[in-house]
Amino acid sequence: MSQFPSLEAALKHFFGYDNFRHGQKNVIEAALQNRDILALMPTGAGKSLCFQLPALLKPGLTVVISPLIALMQDQVDALTDNGIGATFLNSTLNLDQARSRIQSIFNGKIKLLYIAPERLFNEGFQHFLLDVYQSIGLAGFVVDEAHCVSEWGHDFRPEYRQLTHIRRRYPQTPCHAFTATATQRVRQDIIDQLALQNPSFHCTSFNRPNLYYEVVSKGSKSYTQLLTYVRKRRGQAGIIYCSSRKKVDELADRLQQDGIKALPYHAGLADGLRADHQEQFIRDDVPLMVATIAFGMGINKPDVRFVVHYDLPTNLERYYQESGRAGRDGEPAHCTLFYSAGDIKKAEYFIELKEDEQDKRIAYQQLQKMIDYAEGSECRRTIQLSYFGEQFLGNCAGCDNCQNPRPLEDWTIEAQKFLSCVARCRERYGMAYIIDVLKGSKRDKILQNKHHELSTYGIGRDRTKDEWKNLGRSLLHQGLMLESSDGYRILKLNDLSWEILKKQRQVNIPIERRQTAAEILGMGDNHLDAEILFGELRQLRKQLADANWIAPYMVFSDATLRQMATRRPRTQADFSLISGVTSAKYQRYGEPFLAAIQEFCATQAPPKPQVNGTQLITFQLYQQGLSVIEIAKQRNLTAGTINEHLATLLQSGEAIDLDRLVKPEAQAEIEQAIATLGPVSLSQLREHLQEKYSYDAIKLVRAKLIQQSA
C-alpha cells in the first residue's frame, strides 16, 4: 500500500468514495495483515469492497469463490468498467476466451479471479492454481455466501464442503469468508469446514438505517392501494413479492393494463424468459418486478428504491432478507408490508403441507413472530433486530410506528397480573392459554389443570383479548419476558419480569394506532429543481449504459447522481470530488454528465421573481391585516390577481403568513399532491386533488415550497 498515504486514499483512487461504511475498514485491515477472516455483513453493508480493495493492494492473485454465475459476472463487469483488473472463469466461456483470460492473469493484468466452487476442484484448474502460486503468488481465497458451507445454513451447497481441501494444499494463503446472516451454529461450522485459523471475526449491525419500514392495512380494494403506491413511485426501481406464481402473473398483467411497466418473475417461467425479465430489470428497461421468492439472491441491483410484500411472509428472517434488497446503495428506500388477518390462513395452509410435526411447530412459531411484527406497535427495528439477537432501543425515526407513535399508557398493574399468571401456571404455557386464564375461560384444559382455582383466574375480564395480546407482545419486544424457541412458544420469566412483579420497574405500552406514514406523506427536502436534474441525469446514465451494454448502476450510482444534482459541478476538478467518481469513471463518462449539468443550470434554474410596484402595494395592504377580498375591493382588482401578487411575494421570500390564506390541513394535502406528482401543471395538481381546492390555493402553496427549496 506504499503508493497510498492511507486506506482512504486507496479507496478514493480505486472506487471514488471518500469514506468507508461502518465496519469495512476493520475487515480490510485484518485482510491486509493476512489473517483468516469470518465476516457477517448484511445486505448493503458493502462486503464486496472488503475483499476487493485488499486484493488490489496486495501482491498476487485473489481467488473469489462465488455460487452464482450471474452475480460474479455483474461484479466483474462493475470492476472492469472502473478500470480494475478482474475476470471470471466459468462454463459460459469457450476455450479461446478462457485461454485469453488465463494469459492476462499470468501477465499480471488481473488481480481478482471469480470462479464457481465446482471448477475449483477440476484437475486442470488445480494445475493452473499451482502455477499461479509458484509464479505470481496467491494473495488469498475469498468464500462469498459462506453460509453455503454449512448444512445448518439456509442455502447449503454440498460442493462448498470440499473447500477445506484447498486450505490443506495452501495453508499459508489466508481465507476470508463472508456471509449476510448466520446463527452461532452456522458460524462455527464455517470456521470448522474452512479450517480457519484463529480467524478475525467481524459482525456489523443488522440495522439498515436508510430503509423505511411500514405496515399498511390491506383492505378489500388492495389492488387499488397497490396501484396508488406504485404510481407515487413511478420511474423508481421496485420489487413486489407475492406468495404464488398465479398471483404474480395476475398482478403483473393488471399493472401492465394500467400503464405500469412491470414484468413477472417466478420458477414457472422458461429459463430464457426469466433471464430476459431479470436483464430488463437490471438495465432499467422495466422498473418494476412482480415476483415470488425465486427472485432475489444474486440480483446485483443496488438502486432498488422500494420493496413491497403484497402477501404476508412466513417468517421474519425471510422478510428481512427480501425487504433488504431495497437501498443497497445506501440511499433512502421504502419497505412496505401489505397486511390483513386473512393472509394468516394462507400462510397456515402452506405450513400444514409440511410432513414433519417438529417442522410444523417451528414454522408456526416463526409465522407468529411475523404476525407480531405486522401487528406490533413498537419500533419495527426493535422487533426485527431482537429476532437476530441484537438490541435496539427504538425511536429509529425510520418506521411508521416511530414516525406516528401510539400514545403510551402505564400498564404496570396489568403487566403484574399477566406475569403473575405466567408464574402461577409454572411457566408451562403460551400466550393464548395465559390470556384465557386471565379472562376466566371455562376451557376444559383450564378446568382439568385446576387453573380456575388460581388467584389470577378471571382477574383480567376488564380487558379484551386483543388488549392482553398487545401487552404480551410488548413485554416480549421490550425484553421484559421470554419465549421458548422449540416451536411451542412457552412464556418464561426473566430478571426484568421479577422486577416488575416486585414493583421495581414500570411498564409503558402503546395503546392506540394512528395513521401510518404511508397515509401521511411528507414533502422531504422540497428541492424540486434538484429532482428534475436528477431525473435527467438518470436518463443520460441509461443511454450511456445501453451504449456500453452494461447495467446503469455500473456507470454511476443513484447516490452519485444525487450529489451531482445537488452540488452541480461545473469543472472536472469539482466533478472529481463527487463520491463514486474515479479518474477512470471521469475519462469514460465525465464529459457528457458535465455538459448535461451545465446545460441544466443555464436553461432550467428559475430566476428569483422580481417584485414590482403594484405587488408591493398589495403587500403593504396585506401587512395592514386586510384579507384578499378586502385588498381586491380596495384596489379594484380581482381576488385572483391579488393571490397572484401574494404568490410572487411568497416565492421572492417576503414575510407572507400562508396560514392566513390557506388552511393548514389544506396545505398538507396540497403539499402531498406536489410531492407525489412533482413539477406538473396547476391543472394536473387540481385534478389529482379532485378539484377540492382552488387554483389560487395550489398556486400559493407551490410558491411557498419553491421559496423553501431555493
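The values are calculated or read from the model by the stated rules, or taken from the named source; none is laboratory data. On a predicted model such as this, the values are computed, not experimentally measured, just so you know. Note that we place each Cβ from the backbone using ideal geometry, even for glycine, and neighbour counts take in every protein chain shown.
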Checklist outcome for this item: When (1) more than 20 Å from the chain's Cα centre (by Cα); (2) crowded, with 18+ Cβ neighbours inside 10 Å are applied to residue 222, the one that fails is (2)
Checklist entry - Hey, does the range 465-488 have a residue that's loosely packed, with under 15 Cβ neighbours inside 10 Å, without any contact (Cβ under 8 Å) to a residue 60 or more places away in the chain and at positive phi? => result no
Checklist entry - For the range 7-30, how many residues meet the condition of being surrounded by fewer than 14 Cβ atoms within 10 Å (Cβ to Cβ) and either part of a helix (DSSP H, G or I) or not assigned by TED's automatic domain parsing to the domain that holds residue 54 (or both)? => result 2
Next on the checklist: Suppose we filter the range 542-564 for residues that are within 22 Å of residue 280 (Cβ to Cβ) and either part of a loop (DSSP other than H, G, I, E, B) or touching a residue at least 24 places away in the same chain (Cβ under 8 Å) (or both); how many remain?
Outcome noted: 16
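Can you tell me which residues in the range 106-117 are surrounded by 15 or more Cβ atoms within 10 Å (Cβ to Cβ) and farther than 13 Å from residue 138 by Cα?
Residues satisfying the conditions are 114, 115, 116, 117.
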Item to check | Matching helices (runs of 4 or more DSSP H) fully within the range 373-439 where at least 3 residues are at negative phi and surrounded by fewer than 22 Cβ atoms within 10 Å (Cβ to Cβ) | outcome: 380-387, 412-424, 431-439
Checklist entry - Can you tell me which residue in the range 544-591 is surrounded by the most Cβ atoms within 10 Å (Cβ to Cβ), limited to those that are farther than 20 Å from residue 83 by Cα and of a type in the set (S, T, N, Q)? => result 563
Item to check | Tally, over the range 569-591, of residues that are touching a Phe, Trp or Tyr at 6+ places or on another chain (Cβ under 8 Å), not in a helix (DSSP H, G or I) and not small (Gly, Ala, Ser) | outcome: 3
Checklist entry - Hey, any hits in the range 27-43 for a residue that's among the acidic types (Asp, Glu) and closer than 16 Å to residue 178 by Cβ? => result yes
Checklist outcome for this item: Residue hits (the range 88-105; at pLDDT below 90 and β-branched (Val, Ile, Thr)) are 92
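Condition check ((1) farther than 25 Å from residue 627 by Cα; (2) charged (D, E, K, R); (3) modelled with pLDDT under 85) across all residues:
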position: 660; (1), (2), (3): no, yes, no
position: 672; (1), (2), (3): yes, no, yes
position: 678; (1), (2), (3): yes, no, yes
position: 687; (1), (2), (3): yes, yes, yes
position: 709; (1), (2), (3): yes, no, yes
Next on the checklist: Tell me the residue from 108, 60, 85 that is closer than 26 Å to residue 279 by Cα, modelled with pLDDT of 85 or more, in the same structural domain as residue 193 (by TED's automatic domain parsing) and over 28 Å from the mean Cα position of the chain (by Cα), please.
Outcome noted: 85
Item to check | When residues of the range 157-193 are limited to those that are assigned to a loop (DSSP other than H, G, I, E, B) and over 31 Å from the mean Cα position of the chain (by Cα), the one surrounded by the most Cβ atoms within 10 Å (Cβ to Cβ) | outcome: 174
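Yes/no matrix, rows are residues, columns are (1) farther than 21 Å from residue 113 by Cα; (2) free of Cβ contacts under 8 Å to residues at least 40 places away in the same chain; (3) aromatic (Phe, Trp, Tyr):
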| site | (1), (2), (3) |
| --- | --- |
| 7 | yes, no, no |
| 17 | yes, no, yes |
| 28 | no, yes, no |
| 38 | no, no, no |
| 62 | no, no, no |
Checklist entry - Which one is farthest from residue 399 (Cα to Cα), of the residues in the range 328-338 that are at pLDDT 90 or above and not aliphatic (A, V, I, L, M)? => result 338
Next on the checklist: Consider the range 350-376. How many of its residues are hydrophobic (A, V, I, L, M, F, W, C) and either modelled with pLDDT of 85 or more or under 14 Å from residue 483 (Cβ atoms) (or both)?
Outcome noted: 5
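Tell me, which residue of the range 354-372 that is among the basic types (Lys, Arg) and assigned to a helix (DSSP H, G or I) is surrounded by the most Cβ atoms within 10 Å (Cβ to Cβ)?
Among those residues, the one meeting the criterion is 369.
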Item to check | Only one of 594, 616 that is crowded, with 17+ Cβ neighbours inside 10 Å and in a helix (DSSP H, G or I) | outcome: 594
